[in-house]
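The values are calculated or read from the model by the stated rules, or taken from the named source; none is laboratory data. Predicted, not measured: the structure shown is a model, and the values here were computed from it. Cβ placement follows ideal geometry from the backbone for every residue including glycine, while neighbour counts extend to all protein chains displayed. Surface accessibility is based on the protein's heavy atoms, side chains included, excluding ligands, DNA and RNA. Shrake-Rupley method; radii C 1.70, N 1.55, O 1.52, S 1.80 Å.
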Amino acid sequence: MNPGPKNSITDIAGLKVGNAQNDTLKSGTTVLVGEVPFTASVAVMGGAPGTRETDLLAPDKSVAQVDALVLSGGSAYGLDACSGVVDGLRAQGRGYKVADAIIPLVPGAILFDLINGGEKNWDTNPYRQLGRDAFEAASEQFEIGTAGAGTGALTGMYKGGLGTASLVLPNGATVAALVAANPIGSATTPSDTHFWAAPFEIDGEFGGKGPDPSSGLGRDLTSRKMTALYERANTTIAIVATDLTLDKAQCLRFATAAHDGIGRAIVPAHCPADGDLVFGAATGAHPMDSPARDLLMAGHGAALCLSRAIARAVYAAIPAEGDLLPCWSDHNA
């Protein structure tokens, strides 16, 4: 399996990503939007999630497809970014039709970045406008690292960020991941140089340092973030997507399998104060030849993409005034 042309979630035809951020706020929003509605579900494994309209993604709920998915900073305030995306979709006449009403369906998830060094004394919640701006910016090309929902993200040892990665499966279908990485755990081994995701790296996409040759890497899991900053500024939120034809139950299995990618790339992961969550999305452009085999390979590929996307998020982060943690590039130029 090899990455798609852009090594991005927008390698899946019909999907676009938009970012909006406020550097003074040290926060932002990322939206994934399709040219047409797509099937989606969600798997939550963190102990402290923050979400909007995720109940409707359960396989037994009546809504079949959604118009967009949102990842945002801002904790509970950031959920209002979904409202900005709803505004943008409604302005285009997009959404679920009920008689004369149009209801855009936009589930979302947030990470905690309220005490990351940015200015947070706003009078009006800024996230609705950030959501609208991200929607209006949606494109096949977008920035990773210190951008969008990853603007104020921090991992255990370094700044976090926004990352993406893709793979083309043996059957010709594409899977990909988009992630805002802000965990209490670390994306790097105790050496601060090697990424936990290194065994899955392709073509030096996050520095080419390779796996850490040391043994006993689990002995020291103390992080700068855990000891020097705070306990609840956490969460890795992600979207994995494919062009396969999946129903909501299969999207749930797809998202669940992708959580392995978090566990391989972040140590420790799925902690009590993390809101770790993965949306699974399917555009349906590529019929499955063998549902059991194709779903297995899609989940496997999604986990690989998510691990790589997390490392790429940290690798691409850039310094900014007022940062509380260094960037990986500061120590590994």
Legend entry - Per-residue HN-Hα couplings for the range 29-44 [Karplus 6.51, -1.76, 1.60; θ = phi - 60°; Hz; x = Gly/Pro]: 9, 10, 10, 9, 10, x, 4, 9, x, 9, 7, 8, 8, 8, 10, 10
Inset, instruction - Show me 201-213, 99-111 ranked by packing, highest mean number of other Cβ atoms within 10 Å first. - result: 99-111, 201-213
Inset, instruction - Take the chain, connect every pair of alpha-carbon atoms lying under 10 Å apart with a spring to form a Gaussian network, then pick out the residue of 26, 97, 159 with the largest mean-square fluctuation. - result: 97
Legend entry - Solvent-accessible area per residue for the range 9-331 (1.4 angstrom probe, square angstrom): 37
Legend entry - the chain, accessible surface, carbon-and-sulfur percent (1.4 angstrom probe): 50
Legend entry - Cβ-placed point charges (K, R +1; D, E -1), dipole of the chain about Cα centre in debye, nearest 20: 320
Legend entry - Taking the chain and dividing mean pair separation by its residue count, relative contact order in percent (alpha carbons under 8 Å, at least six apart): 25
Legend entry - the chain - mean residue ellipticity at 222 nm from DSSP helices (-39,500 (n - 2.57) per run, n ≥ 4, rounded to 500): -7000 deg cm²/dmol
Legend entry - Top positive-direction residue, dipole computed over the chain with Cβ charges, set 24, 251, 7: 251
Legend entry - Once the Cα gyration tensor of the range 9-331 is diagonalised, semi-axes √(5λ) in Å: 29, 24, 16
Inset, instruction - Compare the peptides 296-302, 236-242 by average per-residue count of other Cβ atoms within 10 angstrom and give them in order, highest first. - result: 236-242, 296-302
Legend entry - Pairs of Lys in the range 9-331 closer than 27 Å at Cα, counting only those 8 or more apart or on different chains: 16
Inset, instruction - At 15 Å minimum axial length over the Cα atoms and a Kyte-Doolittle cut of 0.5, report the qualifying DSSP H helices in the chain, or say none. - result: 81-91, 291-316
Legend entry - Packing-based order for 2-10, 63-71, 248-256, using average beta carbon neighbours within 10 Å, highest first: 63-71, 248-256, 2-10
